[in-house]
Every structure is written in structure tokens, then in C-alpha cells.
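As C-alpha cells, the structure follows; a few thoughts come after it.
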Amino acid sequence: MGRVLSIVSQKGGVGKTTTAVNLAVAFARRGLKTLLIDADPQGAVRYGVGLRRGHPTVGFDDYLRGEKALREVILPTALPWLRVILAGSVSESADHSDFQHRVGESTVLADLLAMARERCHVVVVDTPPGLGAITRRVLAASQHVVVPLQCEPLALQTTPQILRAIQDVISINDELTLEGILLTMFEAGNPASERVVHYVREHLPQHLVFDTPIPRTPATADAFAAGQPVVLRNPADAASQAYVNIATRLAERLAERFA
Ligand SMILES: Nc1ncnc2c1ncn2[C@@H]1O[C@H](COP(=O)(O)OP(=O)(O)OP(=O)(O)O)[C@@H](O)[C@H]1O
Ligand SMILES: [Mg+2]
């Protein structure tokens, strides 16, 4: 039985999708059979995971509405061990309320994740920002969660909120382990960025914060703009190496729990 790892944060734009995509790729390159699911109706995974030009854009929403079979929405990627389920048609429209309602009010997501666990080693789930109905459904069916925290001044104000939210989340599902807070977009030498790292390390238990921050690098942003995961496009980049390092540690922890 595989494990479900969700990427969740209160705030938007902190690097969730970048983290989900690059961890999924790094797991697949280690030979773990990996499925990446985009549960965010914004559908950003589609632009960053390196699908071929002209690939189908169907996904979770189309399966949810009964318009596509599961096998039609599981898309192959450039990596043999990585498959992806995009958000699907919902990402084409500005109104996501129906999708949120459908996911929030049904057990389809939990059923899908349970099924995926039967066939994969790791199921990585990208979520929308905040702890709304979709994210709560994802967390209720996950065994592991990583919380990216962007190294910018606002992080200092939102950290207590994040901690409360995590406690809240763990109480939903006693199978769930917070694997750690992942500091993202770290800029060495930038006092504001260094302050965040220092503050977080001082105020949070050591085991709750990954000791490798993900640096902010031009290659990461460029890779996303080019539709490729940075760990594939630019493996020597510092952010790629940090993601591979985190994936290695997570893979070891997850592997202890494969049944
Ligand atoms: N390590 C990094 N270095 C440089 N740019 C980065 C890095 N990580 C993320 N970014 C950029 O920051 C922006 C936000 O990242 P991303 O889309 O992954 O965040 P998100 O948390 O998924 O956002 P949302 O809440 O909207 O889903 C993107 O433009 C991405 O390319
Ligand atoms: Mg995102």
C-alpha cells in the first residue's frame, strides 16, 4: 500500500505547486511509482510538470463529473514512473465554486486517493491555498503533509496561524504526520529572508522544520515558465539539489511505512 503526501499551506504563492511537482519528479527518478494529483482548481500543475505540447487537458474535474473514466485522466509524463492527474476542465473557468462543492461534499477524492494508494508507492497531492473544503478533504485522506513556508517577512506574522492550522488538521486524521515545514524561496544574504529562517528555527520544534531550505533561484522560476520541473531541466541548480535532498529523506520515511 502506497502513501499519500499532500502539500498544503495557508498562504498562496509560497511554492506549493513547485514543491509538489519537483518532489514527485524526484520520487519517480528514484524508481518509486508516483502519481501527482492536482486538487487545486487553478490547475497550475499542468504548466509545470513537463507534459508534451498538445497533451490532453482533461483531469480530476472531468472524472468527478462522470465525463471521463479514471484511465482517461491519468496522463503519462516524460518519466516512466510518473503519472499525473491534472485539475481538468475546471481550470479553464473563473468560477470554481461548483468544483469546490463537488469535492467538498463527496467522498470521490478519498476514494480516488485510496485507489491510487493500491497502485502506486507515492501519491503527491497539490492543493489550493488555505484550509478550505478541498484541502481538508485531501488532508483527511493523506498520511503525510509538507507545509511550504516562504522566507518573506509576512511569514513571521502567519507562523502562529500556520501552527494552529496544522494542529487543527492533525486532529482531523490521526493517520496524518506533519513531515515538516519547508522553507522556500530562501535568499542567503538577504536580511529579511535570514530573519525568517532564524525566527522559524527559534520558535518551532527542530523536528518540524526541514533543515534544508529551498533557495530562490532564477532557474526555478525559468523552469516553471518553460513548463518543466527544475529538477529535470537544471539538475545542478541549488533548488534542484535541495528538492532532491528533501525527496530522499521523505522517500526513506515513507518507505518505512509501505505495507
Ligand atoms: N525556489 C524558487 N525560486 C524561484 N522562484 C520560485 C521558487 N519557488 C517558487 N517560485 C516561483 O514562485 C511563484 C509561486 O510558486 P508556486 O506557484 O509554486 O506557489 P503556490 O504556493 O503553488 O501558489 P498558489 O497558492 O497560487 O497555488 C511561481 O512563479 C514560481 O515559479
Ligand atoms: Mg499552486
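Bear in mind these aren't lab numbers, they're just calculated from the coordinates by the rules spelled out. Small disclaimer: the values here were computed from a predicted structure and weren't measured. Glycine gets a Cβ as well: all are built from the backbone with ideal geometry, and neighbour counts include every protein chain shown.
Give or take rounding to whole Å, what are the principal axis extents of the alpha carbon atoms in the range 3-255, in descending order?
Here the spans come out as 51, 39, 37 Å, largest first.
So how tilted is helix 154-170 from the main axis of the chain? Cα-based, degrees 0 to 90, rounded to 10.
Orientation of helix 154-170: about 50 degrees from the principal axis.
List E92, E256, E187, E179 from most exposed to least, where exposure is judged by having the fewest other Cβ atoms within 10 Å.
Ranked by crowding around the Cβ, least crowded first: E256, E92, E187, E179.
Need the C-alpha centroid separation for the range 101-134 versus the range 192-213, integer Å.
29
How would you rank H203, H121, going from fewest to most other Cβ atoms within 10 Å of each one's own Cβ? Could you put the intermediate results ahead of the total?
Working: H203 12, H121 21.
Ranking H203, H121 by Cβ neighbours within 10 Å, fewest first, gives H203, H121.
Between R249 and H203, what FRET efficiency comes out of the Förster formula 1/(1 + (r/R0)^6) with R0 = 22 Å and r the beta carbon distance, rounded to 0.05?
Efficiency computed from Cβ-Cβ geometry: 0.50.
What list do you get for M1, M185 if you sort them by fewest beta carbons within 10 Å?
M1, M185
Please list the non-local residues whose amide H lies under 5 Å from the amide H of R3, H modeled 1.01 Å from N, same-chain partners needing a gap of 5 or more.
The answer is V122, V123.
To the nearest 0.05, how large is the calculated FRET efficiency for R119 and A188 if R₀ is 51 Å and r is the Cβ-Cβ distance?
0.80
Let me spell out the model: positive unit charges on the Cβ of Lys and Arg, negative unit charges on the Cβ of Asp and Glu, origin at the Cα centre of the chain. What dipole size does that give, in debye rounded to 20?
600
Which residues' amide hydrogens lie under 5 Å from the amide hydrogen of V209, considering only partners 5 or more residues apart or on another chain, with H built in the peptide plane?
So V209 has HN proximity to I181.
Less than 13 Å Cβ to Cβ from T184, Lys/Arg counted +1 and Asp/Glu -1: what total charge do the surrounding residues give? Before the final figure, lay out each step's value.
Working: positive: K11, K16, R216; negative: E152, E187.
The answer is +1.
GNM on the chain, C-alpha springs below 10 Å: top fluctuator among G180, G88, G54?
Largest GNM mean-square fluctuation: G54.
The range 143-191 to the range 1-74: how many Å between their Cα centroids?
The range 143-191 and the range 1-74 have Cα centres spaced 21 Å from each other.
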